[in-house]
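The values are calculated or read from the model by the stated rules, or taken from the named source; none is laboratory data. What you see is a predicted model; the values in this text were computed from it and never measured. Quick reminder, even Gly has a Cβ in these numbers, built from the backbone with ideal geometry, and neighbours come from all protein chains shown. These area figures cover heavy atoms from the full protein model, side chains too; ligands, DNA and RNA do not enter into them. Shrake-Rupley method; radii C 1.70, N 1.55, O 1.52, S 1.80 Å.
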Amino acid sequence: MTYWANVTSPLGPVNLASDGEALIGLWLEGQKYFAAGLEDTIEPCPELPVLRQTAAWLDAYFAKQDLPPLPPLAPRGSAFRQRVWKLLLEIPFGETTTYGALSEKLKAAGSSASPQAVGGAVGHNPISILIPCHRVVGSDGSLTGYAGGVDKKRFLLELEGADLSKLYTPTKGTAL
């Protein structure tokens with residue numbers, strides 16, 4: 001059984017999914033891979049404690065308030081994807097890293113991975129925002145590869161106060 005709730009945000013509707021104990025999904029409306037891997041049986045349950053905890057975390061995040069602890073997270077994916085998603089949780093608030101840097105961290109830990117493979121895992125992150133895939137940029141500083149859309153990635157990075165002066169949008173090739 002998958003439990004579901006919808007919350008509002010400055011980015012539009014946010015869809016939350018839980019197995020009853022932990023958060024297993026957080027998707028922006030229209031996001032690639034929306035609800036991928038969820039069971040067929042979905043029950044609305046906005047009062048479920050983990051979904052209420054997630055909604056409170058998001059409210060604090062978007063209001064730029066001190067963040068409460070993350071709710072329990074249980075993203076579903078391969079062992080490789082799990083390793084990548086764990087690395088995403090280590091990226092500090094308001095900072096960015098590259099797919100290549102994540103690849104090097106995996107290699108240093110004994111797990112061979114190309115930046116492209118890392119990009120695939122980042123793109124399939126089922127818990128957007130809380131597992132901060134928006135903090136990963138291209139090696140050239142390009143804002144690329146966000147399943148929720150580059151405009152939303154830029155919004156999240158600006159909200160966090162990330163230094164965007166060296167980043168650019170590849171389709172325009174101009175500084176932000």
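Observations on the structure shown:
- Answer residue from the stretch 31-40, given it is touching a residue at least 24 places away in the same chain (Cβ under 8 Å) and under 21 Å from residue 121 (Cβ atoms) and is most open to solvent (accessible area, probe 1.4 Å) among those: 32
- For the stretch 109-131, the set of residues classified as surrounded by 21 or more Cβ atoms within 10 Å (Cβ to Cβ), assigned to a loop (DSSP other than H, G, I, E, B) and either in contact with a Pro (Cβ under 7 Å, 6 or more places away or on another chain) or not hydrophobic (A, V, I, L, M, F, W, C) (or both) consists of 125, 126, 128, 131, listed by residue number.
- Residue in the stretch 58-72 that is at pLDDT 95 or above, closer than 18 Å to residue 128 by Cβ, within 14 Å of the chain's Cα centre (by Cα) and open to solvent by 30 Å² or more (accessible area, probe 1.4 Å) present: yes
- Taken over the stretch 3-14, the criterion of being within 16 Å of residue 74 (Cβ to Cβ) and in contact with a Gly (Cβ under 8 Å, 6 or more places away or on another chain) is satisfied by 3 alone.
Every residue, every condition in (1) open to solvent by 10 Å² or more (accessible area, probe 1.4 Å); (2) part of a helix (DSSP H, G or I), yes or no:
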{"position": "53", "(1), (2)": "yes, yes"}
{"position": "77", "(1), (2)": "yes, no"}
{"position": "93", "(1), (2)": "yes, no"}
{"position": "107", "(1), (2)": "yes, yes"}
{"position": "134", "(1), (2)": "no, yes"}
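- Residues located in the stretch 1-21, provided they are surrounded by 14 or more Cβ atoms within 10 Å (Cβ to Cβ) and not polar (S, T, N, Q): 3, 4, 5, 7, 11, 14, 16, 17, 19, 20
- Which listed residue, of 43, 47, is out of contact with any Ser or Thr (no Cβ under 9 Å at 6 or more places or on another chain) and exposed (fewer than 14 other Cβ atoms within 10 Å of the Cβ): 47
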